[in-house]
Amino acid sequence: MTNTLPTAVSSPPFDDSKHDKGHLETLHAYKAMLDASIDCINILTPDGRVVNMNQSGCSALGVDPHSGFGMEWLLLLPEEIRKAGKKALQKARSGENAQFLGKSISEWGETTFWDNLLTPVLDEQGTVESILCVSRNVTQQCSAETKLRHLSEFDELTNIPNRRHFQSYLKKALRIAKATDQSVTLLHADLDHFKLLNDTRGSYFGDHVLKVVAKRLIKKLSGLGYVARLSSDEFAIIIPQTISTEEITQVAQNIISTVAKPINHNGQSVRLSMSIGTATWPYSVDNSDMLTKAANVALSDIKQNGCGGVLQYHSQLMKSVTRIAEQLELAQYAIDHHKIEPYYQPKVRLGDGQLVGLEALLRFTTSTGELAFPGAICAAFENRALVEKIGEQMRTRVFKDIQAWTEKGLKLVPVSLNASPGEFMWDDYAEKCLAQIKHYGIDPRLIEIEITEHMIVGHGAEFVIRAIKELRAQGISIALDDFGTGYSTLSNIKDYSVDVIKVDRSFVSSLHQGREGKAIIKALLLLANCLGMDVVAEGVEEQEQCDTLIDEGYVIGQGFLFSPAVSMTQIEKLLESEMTSE
Ligand code: C2E
Ligand code: CA
Ligand code: CA
């Protein structure tokens, strides 16, 4: 069997026993042909000994071409691929083609990748007589593939793993944790107000910030966890071993403080806060598929309740998320199908019930035709995109109604509209509102905007205050809604520039609680009078409350005692009757 050179998978091309001149020439021709090939070509015995090897094979595997061969092929391979080689050899020995990827590292450290193809050569009886092993250098192809993989799995800007890499890493981490009885903690981190930074300082600055943040995260977590960038300003950290809840909080706090250090670029400096939601499998979620969602839910919750800080996921959060998602969906339906309409609640003079104003309150019809209240979609008021559309549709309907009443010659009273903080986030509330008022030809003095106290002291207050100034300058009045439940102190309320205070209905309903309830009502009126503001008592439900309010000097009230909010047509009738009763 010594020099049997195989062709494909049939019988050998020539027989070694016939050493005549012709055969020797053919043998040399074959050898020359094989040596000319850049592929490494080996002929192996079925039990894996080298029978012949071409020039390329000898130099790749460091074999002397004059050695006479006979050595074990597997022992020539680098140790780490011998297992794959053995498997392929067994397969070829059983008569099947086999393939595996090999790797060799030269003395000077250069790595070469080989695609090894083992083809069994059968004799006339169909027995495997020898095995042809062709190894092709696929280093270029492999490095192109590696490059491609890097490009598709690493973030170009920060050069850390991207979402795709994160997903496969998390899967692997969970698989290992399940097998080794460990836990996996996921931290979903998000920079606060990054969009604002990008908009105000430019995207070069924003890019620089992201690079610095990625570097700081990698440094802080080295040896402890894995870091990936999921999207613009979102990062994920995976800790693939069991750590306590206290340690998780500590890790998150460390991340927050490292990110909070000033970031400088081109003479500008910024300090950023970060919000982090965390979840751990199997403690906070028993289903590993839910881990990403749970950390995200915790993050959204912390973002919603003001930014910055850490929150570990607990099952109660998911319930509130489901409720929020349902509310958002309902709101989206109402917006898309133009199902939103204003109902109007009268504001009256307490003494004689005379109509002095209207408050427009949102109502909408559901897909089953039921009339629904704002409480059914309150999460939408916290959602910037939705609340903007809701506000827009409400204003359009209200202004159209006023326009219609004007055209009918009805005696108009001021109409107030409620505004939510999210509507001021693009800093164009006043402009949009004024443009609409102009479009419908409405006297600005007929419009009042109700805002709440926390809107002028909380996050984003500067936009609200600017809008208030602009609106007031055009004759629109501003009311401070639910007054007394917020943050106001006597000293700062005068800076708010509001025209009306609406005393929250909780104070009106506490009137029956003897002297204490009355004292608050009295104090609120005194405060408003000192500041030169009008006062409206909200939620007047009983005649007794009305009488007490009158006694205390209140003039205007609103509540179920007089009327709930009613439809446009009902209000129209009321306005008509007001005219005839004059
Ligand atoms: P709000 O601005 O304080 O509105 C008064 C709420 O109290 C209304 O509830 C009204 O129906 C209710 N109410 C009026 N009189 C009485 C009474 O005598 N007793 C009791 N128990 N309740 C009374 P509604 O319409 O369900 O609105 C709830 C909240 O939803 C509003 O509170 C307001 O914050 C918000 N909202 C309503 N419409 C809009 C809107 O168009 N835009 C925005 N951003 N928020 C709105
Ligand atoms: Ca209101
Ligand atoms: Ca109110």
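The values are calculated or read from the model by the stated rules, or taken from the named source; none is laboratory data. Keep in mind the model is a prediction, meaning the values are calculated, not measured. Backbone-built Cβ (ideal geometry, glycine too); neighbour counts: all protein chains shown. Ligands, DNA and RNA are stripped out before the accessible areas are found, and what is left, the full protein with its side chains, is counted by its heavy atoms. Shrake-Rupley method; radii C 1.70, N 1.55, O 1.52, S 1.80 Å.
Quick check on segment 102-109. Is at least one of its residues modelled with pLDDT under 95 and under 18 Å from Val50 (Cα atoms)? So far as segment 102-109 goes, yes, one or more of its residues are modelled with pLDDT under 95 and under 18 Å from Val50 (Cα atoms). Selection within segment 51-93: residues that are of a type in the set (S, T, N, Q) and open to solvent by less than 20 Å² (accessible area, probe 1.4 Å). The member of this set that is nearest to Val121 (Cα to Cα) is Asn52.
Within segment 205-232, residues that are more than 21 Å from Tyr169 (Cα to Cα) reach partners that are assigned to a helix (DSSP H, G or I) and open to solvent by 30 Å² or more (accessible area, probe 1.4 Å) with beta carbons closer than 7 Å, at six or more positions or on different chains, in the pairs Gly206/Asn198. Hey, among the residues in segment 419-434 that are of a type in the set (Asp, Glu) and open to solvent by 40 Å² or more (accessible area, probe 1.4 Å), which one's farthest from Met394 (Cα to Cα)? Per the criteria, the residue is Asp427.
Scan Gln182, Gln141, Gln167 and give me the residue that is of a type outside the set (A, V, I, L, M, F, W, C) and surrounded by fewer than 13 Cβ atoms within 10 Å (Cβ to Cβ). Result of the check over Gln182, Gln141, Gln167: Gln141.
Yes or no: segment 442-449 includes at least one residue that is within 11 Å of ligand 1 (Cβ to nearest atom) and modelled with pLDDT of 95 or more. Steps first, please.
Taking segment 442-449 first, the residues within 11 Å of ligand 1 (Cβ to nearest atom) are 449.
Okay, now just the ones that are also modelled with pLDDT of 95 or more, so 449.
So far as segment 442-449 goes, yes, one or more of its residues are within 11 Å of ligand 1 (Cβ to nearest atom) and modelled with pLDDT of 95 or more.
For segment 146-181, the set of residues classified as touching a residue at least 40 places away in the same chain (Cβ under 8 Å) and under 17 Å from Asn287 (Cβ atoms) consists of Leu170, Ala173, Leu174, Ala177, Lys178, listed by residue number. Of the residues making up segment 465-487, those that are under 18 Å from Leu434 (Cβ atoms) and either within 14 Å of ligand 2 (Cβ to nearest atom) or part of a helix (DSSP H, G or I) (or both) are Ile465, Arg466, Ala467, Ile468, Lys469, Glu470, Leu471, Arg472, Ala473, Ser477, Ile478, Ala479.
Report whether or not Leu531 is over 30 Å from Glu341 (Cβ atoms) and under 46 Å from the mean Cα position of the chain (by Cα). In short, yes.
Screening segment 346-366 for residues that are in contact (Cβ under 8 Å) with a residue 40 or more places away in the chain and within 39 Å of the chain's Cα centre (by Cα) and picking the one that is nearest to ligand 2 (Cβ to nearest atom) gives Glu359. Figure legend. Inter-residue proximity from segment 503-528: first residues within 16 Å of ligand 3 (Cβ to nearest atom) and open to solvent by less than 20 Å² (accessible area, probe 1.4 Å), second residues in a helix (DSSP H, G or I) and not hydrophobic (A, V, I, L, M, F, W, C), beta-carbon distance below 8 Å, spacing 6+ or different chains. Indicated pairs: Val508/Gln545; Ser510/Glu516; Ser510/Gly517; Ile521/Thr548.
Applying the condition of being of a type in the set (Gly, Ala, Ser) and within 17 Å of Gly375 (Cβ to Cβ) to segment 288-343 and asking which residue is modelled with the lowest pLDDT yields Ser320. Search segment 410-425 for residues that are not assigned by TED's automatic domain parsing to the domain that holds Val536 and pair each with any residue that is hydrophobic (A, V, I, L, M, F, W, C) and more than 12 Å from ligand 1 (Cβ to nearest atom) when their beta-carbon atoms are under 7 Å apart and the residues are at least 6 apart or on different chains. Correct list of pairs: empty, since none qualify. Only residues that are surrounded by 14 or more Cβ atoms within 10 Å (Cβ to Cβ), of a type in the set (Gly, Ala, Ser) and out of contact with any strand residue (DSSP E or B) (no Cβ under 7 Å at 6 or more places or on another chain): list them for segment 203-236, please. Listed by number, the list holds a single entry, Gly206.
May I ask you to say which residue of Thr185, Thr249 is in contact (Cβ under 8 Å) with a residue 40 or more places away in the chain, farther than 19 Å from Ile160 by Cβ and not small (Gly, Ala, Ser)?
Working: Thr185 fails: farther than 19 Å from Ile160 by Cβ.
One residue alone meets the criteria, Thr249.
Taking the conditions exactly as written (open to solvent by 70 Å² or more (accessible area, probe 1.4 Å), outside any strand (DSSP E or B) and either modelled with pLDDT of 85 or more or within 16 Å of ligand 3 (Cβ to nearest atom) (or both)), does Glu462 satisfy them or not? Steps first, please.
On the way: open to solvent by 70 Å² or more (accessible area, probe 1.4 Å): yes; outside any strand (DSSP E or B): yes; either modelled with pLDDT of 85 or more or within 16 Å of ligand 3 (Cβ to nearest atom) (or both): yes.
So Glu462 fits the description; yes.
Could you look through segment 338-359, keep only residues that are within 15 Å of ligand 3 (Cβ to nearest atom) and under 17 Å from Val540 (Cα atoms), and pick out the one that is surrounded by the most Cβ atoms within 10 Å (Cβ to Cβ)? Across segment 338-359, the extreme among qualifying residues is Leu358.
Determine whether segment 379-396 contains at least one residue that is surrounded by 16 or more Cβ atoms within 10 Å (Cβ to Cβ), charged (D, E, K, R) and touching a Leu at 6+ places or on another chain (Cβ under 7 Å). Yes, the conditions are met somewhere in segment 379-396. The lone criterion from (1) buried (at least 17 other Cβ atoms within 10 Å of the Cβ); (2) under 27 Å from Leu362 (Cβ atoms); (3) within 16 Å of ligand 3 (Cβ to nearest atom) left unmet by Glu541 is number (1).
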